[in-house]
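> Please find one structure pasted underneath; my questions will follow.
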Amino acid sequence: MFEKNGYEVLPMASTTKIMTLLVVLEHTEPTDVVTVSKNAARQPDVQLNMNTGEQYYVKDLCYSLMLESHNDTAVALAEHVGGTTEGFAELMNAKARALGAYSANFVTPNGLDAEGHGISAADLAKIAAYAITVEEFLEITNTQSHTFTELTKGTSHTVNNKNAFLSMMEGAIGVKTGFTGKAGYCFVGAVKREDRILVS
C-alpha cells in the first residue's frame, strides 16, 4: 500500500527474532530441553541472565525470546537447533529464501550488530506476514506475561511483553520491536481489521 526506501538493506536489531522464533518452532518440540552454553550465558543485555549448564524447555525460552527480547536466550535456542549460531544462521537464511525474502542476510540469532546482518523493510514485512499465520507464533507474541522455572535448580522467571503497540491500537496483533546502536529503533507491526490484516 505504501513504501519508503522499502528495498534498502539495513540492520534490523531484534526484529531478527521473528525469524529466530519461526526457525525454532519448525525444528523443535515445546518440551525439548535446552542446555545453556558458556557462549549463550555471556551475551550482552538485554538478557534472561542464564548461567552455563542451566536447562530450560524450548517453549519457555520462546516467551523469553519474544516478550523481553533476551539475547542470551536467542543464542541458547540457536545453538540447540543449529549446533552453532552459524549453523542456525544458515537455517534462517534458507527460510528467508523460501519465503521470497531475498535481501535477507542473517548472521546472528538475536540481531546484535554484526557485519553483513541486514534486510530490507519490504522483506521483513514479508517474513512478518508469514509469521502471523503461524498459530504458535501469534500465541507467544500476544501473551502479556509468562512464568516458568529453570529445570536443574527450579529458579523461577517471569517475562512480560515489552511491545507497547499491542495495547495502543485496536486490533493490534504484534509483532516485534528492536534497538541497537547501528540499527536505531526498529518496529514491525500487524493490525487485524474486519476485511484484512495490515503488516508494516
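The values are calculated or read from the model by the stated rules, or taken from the named source; none is laboratory data. Predicted model, so just to flag it, every value in this text is computed and none were measured. In this analysis, Cβ positions are derived from the backbone assuming ideal geometry, glycine residues included, and neighbour counts consider all displayed protein chains. Surface accessibility is based on the protein's heavy atoms, side chains included, excluding ligands, DNA and RNA. Shrake-Rupley method; radii C 1.70, N 1.55, O 1.52, S 1.80 Å.
> Loop only per DSSP, at most 16 neighbouring Cβ atoms within 10 Å: give me the chymotrypsin sites (Phe, Trp or Tyr not before Pro) in the stretch 4-74, ordered by residue number. Let's see the in-between values first.
Numbers: sites: 7, 56, 57, 63; in loops: 7.
Here the chymotrypsin sites (Phe, Trp or Tyr not before Pro) that fit, given the DSSP loop and packing criteria, are 7.
> Please report the spacing between the Cα centers of the stretch 149-164 and the stretch 53-125 in Å, no decimals.
20
> Placing +1 at every Lys and Arg Cβ and -1 at every Asp and Glu Cβ, with all other atoms neutral, what dipole size does the stretch 1-106 have around its Cα centre, in debye to the nearest 20?
It works out to roughly 180 debye.
> Here's a follow-up. Treat every Asp and Glu Cβ in the stretch 67-200 as -1 and every Lys and Arg Cβ as +1, leave all other atoms uncharged, and give the resulting dipole magnitude about the Cα centre to the nearest 20 debye.
Working: 10 positive and 15 negative charges, 59 e Å.
It comes to approximately 280 debye.
> Next question. Check which residues have an amide H placed less than 5 Å from residue 54's amide H, if you skip close sequence neighbours.
36
> Please work out the average accessible area per residue across the chain, using the 1.4 Å probe convention, and give it in Å². Please list the in-between numbers first.
Details: 9740 Å² over 200 residues.
It amounts to 49 Å² per residue over the chain.
> Please give every one of the lysines within straight-line cross-link reach of residue 59, meaning a C-alpha to C-alpha distance under 30 Å, and leave out same-chain neighbours fewer than 8 residues apart.
Straight-line reach from residue 59, under 30 Å: 17, 38, 95, 126, 153, 162, 176, 192.
> Computed on alpha carbon atoms, what radius of gyration and Dmax characterise the stretch 1-118, expressed in Å?
14.1, 48
> In deg cm²/dmol and to the nearest 500, what is the mean residue ellipticity at 222 nm of the chain if only DSSP H runs of at least 4 residues count, each as -39500 (n - 2.57), divided by the residue total? It would help to have the intermediate numbers written out before the result.
Working: 7 runs with 69 residues, N = 200.
It comes out at -10000 deg cm²/dmol, rounded to the nearest 500.
> Roughly how many percent of the accessible protein surface of the chain is carbon and sulfur, given a 1.4 Å probe and a whole-percent answer? All intermediate terms of the calculation are to be shown ahead of the outcome.
Details: 5040 of 9740 Å².
For the chain, the apolar C and S fraction of the accessible surface comes to 52 percent.
> Let me ask another. Mind checking the angle between helix 121-131 and the chain's longest principal axis? C-alpha axes, 0 to 90 degrees, to the nearest 10.
Computed tilt is about 60 degrees.
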